[in-house]
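The values are calculated or read from the model by the stated rules, or taken from the named source; none is laboratory data. Here the structure is a predicted model, which means the values were calculated and not measured. Neighbour counts are summed over all protein chains in view; Cβ atoms, including those assigned to glycine, are modelled from backbone coordinates with ideal geometry. Heavy atoms of the whole protein, side chains included, go into the accessibility calculation; ligands, DNA and RNA do not. Shrake-Rupley method; radii C 1.70, N 1.55, O 1.52, S 1.80 Å.
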Amino acid sequence: MALSISGAEKESISEKLYVLGRREGKGGVLNIGRYYALDKSLGSNVYVDGAKPHVILICGKRGYGKSYTMGTFIEELSMMEQDIRKNIGVIVIDTLGIYWTSFFGNKKHEEMLERWGLFPSGIKIRLLSSPDNVEEYRKMGLPAEKFSLKTSEISPLQWCNLFGIRIVDSTGVAIARAINELEGKEYSIDDIIEQMANDDRSSNEAKGAGENFFKMASSWDVFDKKGMPLDEIVRAGETTVVDISSYPEELKVIIVAVLARKIFESRVRERKNDEKDIIKGKSTGRRKFPLVWMAIDEAQIFLPPGKSVSKDVIINQWMRQGRQPGLSLLLATRRPSALDDEVLSHSDIIICHRLTAQGDIDALNRVRPTYMRGEIGEALKKVGMEKGVALIIDDNSESVHIIKVRPRMSWHGGEEPSAMVN
Ligand SMILES: Nc1ncnc2c1ncn2[C@@H]1O[C@H](COP(=O)(O)OP(=O)(O)OP(=O)(O)O)[C@@H](O)[C@H]1O
Ligand SMILES: [Mg+2]
């Protein structure tokens with residue numbers, strides 16, 4: 001809770017206080033709320049480590065605070081001490097278009113904030129989205145830019161996934177052949193269509209279907225010959241919200257797969273360079289690609305139990321190998337049972353708001369750590385029905401707590417509309 005406590009206080013806090021997510025070290029703490037007692041009274045502040053890589057999973061049934069909690073984490077990350085924050089880039093994958101509101105202070109809940117010793121305050125974000133959204137954001141005075149992906153970074157398999165066809169179908173084969181011919185060049189969607197048209201081996205039917213698919217892809221206005229460079233998407237010390245709400249689900253999955261892979265590759269390269277610097281005993285003064293926190297709401301879209309191109313990257317690269325290059329994930333889902341089992345086992349911190357579906361409770365029980373005495377279902381009863389209250393299981397300190405997530409200082413978007421307008 002950077003703004004309500006001074007830097008010096010924060011230093012001493014992390015020295016004497018217990019920080020979830022780590023066993024030692026100072027600084028870089030995220031104050032996400034307070035401990036919550038059975039009589040509903042609030043205890044001391046809850047701190048979570050923000051300086052080291054983590055996989056944090058937030059779950060819970062509809063409307064009990066997942067997106068809100070994710071927003072609190074994003075606020076805390078943006079308010080970390082400058083000497084730590086300057087090494088971290090935060091990217092928020094906004095599937096519903098609700099995080100732009102964080103730019104504004106939470107004036108709606110001024111009184112509640114005051115009870116917590118806080119005040120309304122927006123956070124500095126940069127928005128990347130479709131041209132229509134960018135226009136709307138700019139009208140509201142928000143810093144927004146058009147998001148684009150480099151056409152040549154999409155593999156034949158990813159195009160086929162995007163179009164819902166199989167790579168072994170005649171259209172899939174025609175697409176793969178055209179892309180393979182163009183390999184090594186920078187190309188546009190029109191170049192792919194032209195390449196397909198010139199292919200004598202594909203049938204007219206396959207070429208026609210391929211052309212229709214690429215025309216549809218072109219209408220989304222997201223693929224570009226050059227594409228947005230990664231260092232404009234993720235920047236050290238900044239929070240970028242990539243609003244992909246206006247794209248079809250298949251495209252959302254491809255965008256996340258491509259971004260996640262590029263970030264992973266850049267971080268692996270960066271880590272190698274860092275180590276070279278350390279061995280040589282001097283810094284080359286390069287502009288560095290930062291450690292990354294990626295927040296993904298509605299994570300079940302990207303991490304399903306079945307086949308998925310985004311899951312491949314996130315699980316194989318970010319979760320299995322992400323600690324060393326310094327990659328952190330903040331995931332939220334309504335349905336933990338709709339996630340690949342590996343997601344639960346890789347999450348070192350699980351925050352669970354009210355949850356009642358037996359299938360979801362069973363999914364959490366399957367990864368229930370031995371240091372947790374009872375069943376998850378029993379522990380969740382203590383969470384009750386209050387919004388923002390959650391069970392937190394920290395695998396680093398091997399401890400379990402009930403907490404109340406602090407109110408948002410920035411405006412929470414995505415509140416359900418009511419038909420009873422007053
Ligand atoms: N920590 C909190 N303090 C105060 N109010 C909260 C807190 N968490 C959630 N709320 C209230 O609960 C509402 C619903 O929260 P949120 O939008 O995060 O739900 P959700 O779990 O993401 O739901 P969905 O599954 O529909 O996305 C918020 O609009 C807010 O009014
Ligand atoms: Mg939500």
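Can you say whether Gly43 is over 24 Å from Val367 (Cα atoms), more than 13 Å from ligand 1 (Cβ to nearest atom) and at pLDDT below 95, as far as the supplied structure shows?
yes
Looking at the range 91-118, which of the residues that are of a type in the set (D, E, K, R) and out of contact with any strand residue (DSSP E or B) (no Cβ under 8 Å at 6 or more places or on another chain) is surrounded by the fewest Cβ atoms within 10 Å (Cβ to Cβ)? Write out each step before concluding.
We begin by selecting, within the range 91-118, every residue of a type in the set (D, E, K, R); these are 94, 107-108, 110-111, 114-115.
Still in the running and out of contact with any strand residue (DSSP E or B) (no Cβ under 8 Å at 6 or more places or on another chain): 107-108, 110-111, 114-115.
Numbers: Lys107: 11, Lys108: 15, Glu110: 13, Glu111: 8, Glu114: 12, Arg115: 10.
Ranking the qualifying residues of the range 91-118, first place goes to Glu111.
Inside the range 374-400, can you point out the residues that are surrounded by fewer than 19 Cβ atoms within 10 Å (Cβ to Cβ), closer than 26 Å to Gly117 by Cβ and more than 10 Å from ligand 1 (Cβ to nearest atom)?
Lys382, Gly384, Met385, Ser397, Ser399
Could you tell me how many of the residues in the range 234-246 are surrounded by 19 or more Cβ atoms within 10 Å (Cβ to Cβ) and either outside the structural domain of Phe103 (by TED's automatic domain parsing) or part of a loop (DSSP other than H, G, I, E, B) (or both)?
2
Kindly check whether there is at least one residue in the range 54-71 that is within 21 Å of His412 (Cβ to Cβ), more than 16 Å from ligand 2 (Cβ to nearest atom) and surrounded by 18 or more Cβ atoms within 10 Å (Cβ to Cβ).
No, there is no match, as no residue in the range 54-71 is within 21 Å of His412 (Cβ to Cβ), more than 16 Å from ligand 2 (Cβ to nearest atom) and surrounded by 18 or more Cβ atoms within 10 Å (Cβ to Cβ).
Give Ser44, Ser67 a once-over and let me know the one that is part of a helix (DSSP H, G or I) and assigned by TED's automatic domain parsing to the domain that holds Ile244.
Ser67
Since Ala357 meets every condition but one in (1) touching a helix residue (DSSP H, G or I) at 6+ places or on another chain (Cβ under 6 Å); (2) in contact (Cβ under 8 Å) with a residue 40 or more places away in the chain; (3) among the small types (Gly, Ala, Ser), which condition does it not meet?
Of everything listed in (1) touching a helix residue (DSSP H, G or I) at 6+ places or on another chain (Cβ under 6 Å); (2) in contact (Cβ under 8 Å) with a residue 40 or more places away in the chain; (3) among the small types (Gly, Ala, Ser), Ala357 misses just condition (1).
When residues of the range 402-417 are filtered for being modelled with pLDDT under 95 and open to solvent by 30 Å² or more (accessible area, probe 1.4 Å), how many remain?
Selection size over the range 402-417: 4.
Could you identify the single residue in Leu364, Leu329, Leu391, Leu380 that is away from ligand 2 (no atom under 16 Å from the Cβ) and within 24 Å of Ile88 (Cβ to Cβ)?
On inspection, the qualifying residue turns out to be Leu329.
For every residue, the table says whether it meets (1) touching a strand residue (DSSP E or B) at 6+ places or on another chain (Cβ under 8 Å); (2) open to solvent by 60 Å² or more (accessible area, probe 1.4 Å).
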position: Asp169; (1), (2): no, no
position: Ser188; (1), (2): yes, no
position: Asp191; (1), (2): no, no
position: Ala209; (1), (2): no, no
position: Met216; (1), (2): no, yes
position: Trp220; (1), (2): no, no
position: Gly227; (1), (2): yes, no
position: Glu249; (1), (2): no, yes
position: Ala257; (1), (2): no, no
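State whether one or more residues within the range 94-104 are more than 16 Å from ligand 2 (Cβ to nearest atom), within 19 Å of the chain's Cα centre (by Cα) and not in a loop (DSSP other than H, G, I, E, B).
So in the range 94-104, the residues more than 16 Å from ligand 2 (Cβ to nearest atom) come out as 103-104.
Narrowing further to those that are within 19 Å of the chain's Cα centre (by Cα): 103.
From what's left, not in a loop (DSSP other than H, G, I, E, B): 103.
Scanning the range 94-104, I find at least one residue that is more than 16 Å from ligand 2 (Cβ to nearest atom), within 19 Å of the chain's Cα centre (by Cα) and not in a loop (DSSP other than H, G, I, E, B), so the answer is yes.
Conditions tested, residue by residue: (1) open to solvent by less than 20 Å² (accessible area, probe 1.4 Å); (2) assigned to a loop (DSSP other than H, G, I, E, B).
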residue: Ile278; (1), (2): no, no
residue: Ser283; (1), (2): no, yes
residue: Val292; (1), (2): yes, no
residue: Gln300; (1), (2): no, no
residue: Pro305; (1), (2): no, yes
residue: Ser310; (1), (2): yes, no
residue: Ile315; (1), (2): yes, no
residue: Trp318; (1), (2): yes, no
residue: Pro325; (1), (2): yes, yes
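Kindly provide the set of residues from the range 340-356 that are of a type in the set (A, V, I, L, M, F, W, C) and within 16 Å of ligand 2 (Cβ to nearest atom), ordered by number. Walk me through it before giving the result.
So in the range 340-356, the residues of a type in the set (A, V, I, L, M, F, W, C) come out as 343-344, 349-352, 355.
Scanning the range 340-356 gives Ile351, Cys352, Leu355.
With the requirement that a residue be within 16 Å of ligand 1 (Cβ to nearest atom), touching a Leu at 6+ places or on another chain (Cβ under 6 Å) and of a type in the set (S, T, N, Q), what does the range 334-369 give you?
none
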